[in-house]
1. Take each uninterrupted DSSP H stretch in the chain, measure its Cα extent along the helix axis, and return the ones at 18 Å or beyond whose mean Kyte-Doolittle hydropathy is at least -0.5.
2. Expressed as a rounded percentage, what relative contact order does the chain have, with Cα pairs under 8 Å and six or more residues apart?
3. Which whole-number percent is the relative contact order of segment 41-152 (Cα, under 8 Å, 6+ apart)?
4. Sum up the charges of everything whose Cβ sits under 10 Å from the Cβ of Phe314, counting Lys and Arg as +1 and Asp and Glu as -1, but leave Phe314 out.
5. Where does the longest stretch of the chain lie that holds no chymotrypsin sites (Phe, Trp or Tyr not before Pro) found in a DSSP loop with 15 or fewer other Cβ atoms within 10 Å?
6. Taking the dipole about the Cα centre of segment 41-152, with the C-beta of Lys and Arg at +1 and of Asp and Glu at -1, give me whichever of Pro52, Val83, Val152 is farthest to the positive side.
7. Taking the Cα centre of segment 105-207 as the origin, how large is its charge dipole in debye, to the nearest 20, when only Lys and Arg (+1) and Asp and Glu (-1) carry charge on their Cβ atoms?
8. Under a cut-off of 12 Å between alpha-carbon atoms, report the aspartates and glutamates in cross-link reach of Lys232, not counting same-chain residues fewer than 8 places apart.
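A short reminder: the numbers here are calculations on the coordinates, not readings from a lab. Note that the structure is predicted; figures quoted are calculated from it, not measured. No Cβ is skipped: glycine too gets one built from the backbone with ideal geometry, and neighbour counts run over all protein chains shown.
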Amino acid sequence: MTRKGKLLIHALIWIGVVTFMGIGPLGTAWAANPSDGNHRPDRMLVMAPEYPGVEIARDQDSVSMNILFHNQGRTDETVQAWVAKAPKGWTARLKSYRYTVMGIHVPEGEDKTLTFEAIRDKDLGPGTYTFEIHAKTPDKRFQMAQTIEIKVSDEEKSDKGPHGIELTTSYPVLRGPSDGKFEFSLEVDCKLDKDALFELFAKGPEEWDINFKPAYEDKYISSLRLKAGGTKTVAVVVNPPPGTEPGNYPVTVQVTSGDAKAEANLEVNLTGTYALEVGTPDGLLSLNARQGRPANMSVYVKNTGSADNNGIQFLSFKPENWKVEFTPEKLDTIKPGELKQVEVSITPYAEALVGDYSVNVNVKGEKVSKPLEFRVTVNASSSWGWIGIGIILLVVIGLVGLFRWVGRR
């Protein structure tokens, strides 16, 4: 065997011995393998922001990133976390995909994340703003602090198009009454080259109730998972609070996933509420009538809604051969709070039998209607009374004459 061959054999034997004993570069790598729990410390927790410093354009109003928690120990850890410092003009929070959170549980050997979100006032100028994130375990064994710097530049974002996400809607403006429910259909198109979880945000007028839900489902959601290049339809359900004045109200929808972000501007056009009050001045809904003769009654119509009520019509449901007339025949417009009077004329059939009848009147306005039911009592005509009296007189005269004639005989 040559000298080079002997040296090669000795080198291989030495590498094998070092590897087996767990020393040297190869042995150290094996001994420090973090997947082997026996060689991890009892407790070791690390917190780090995904991006300690970011720069945004002056027309961008929010930043969202992950806060990473690495549990490299052999003990599960519960961590309390909060935004300890936020510059004036910024609103910052730590959240999960659904909630604002104050802590997180990190199992041993695993990594967990919270989302740091910061939203700035639109009138806040360029500059560098520093945030502090603090975290600690309940026993204070680990007390951690990290800073995040956000630089707002003096330049606007050059690309105004969607970044990683595209939002489209066929009907960005919906119109209806103030007490209605408005449901927009929004298509979310993922332009990323990987699967992603998208956070859903909505901003509307104060006290408005705005929720997201999958198309054709009733459950509410706050996030949406999409595959790379995938598309899903989301419904945006908007409920104005009671008593909201008519007008145009903007609603902004934002969908984000990391640095990817898109917005859609929606609008709700409230026309006010539609309501009518219908009745009679004295509250009575009954009247007397005679065959073939009209009986009149006054009815008032009041607009108790907050929108103009246009084109109010009057419909009647009556016994056969009866006649019901309205003066005026229709009302063009009644403004909110306004009251108008209508005369109703009901004429029973000339050969109607004596008794009680029901006549229904429906006051039909714009998107609302009110029914009234009248009880009409048909009395016998007075002419029949005089005829009856005449018959009785004739009978009496006939009897008197008969008694006189019989008495003479």
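1. Passing helices, by number: 3-21, 382-408.
2. 10
3. Relative CO of segment 41-152 lands at 34 percent.
4. 0
5. 221-409
6. Sorting the options by dipole projection puts first Val83.
7. Its charge dipole is roughly 180 debye.
8. Glu166, Glu187, Asp189
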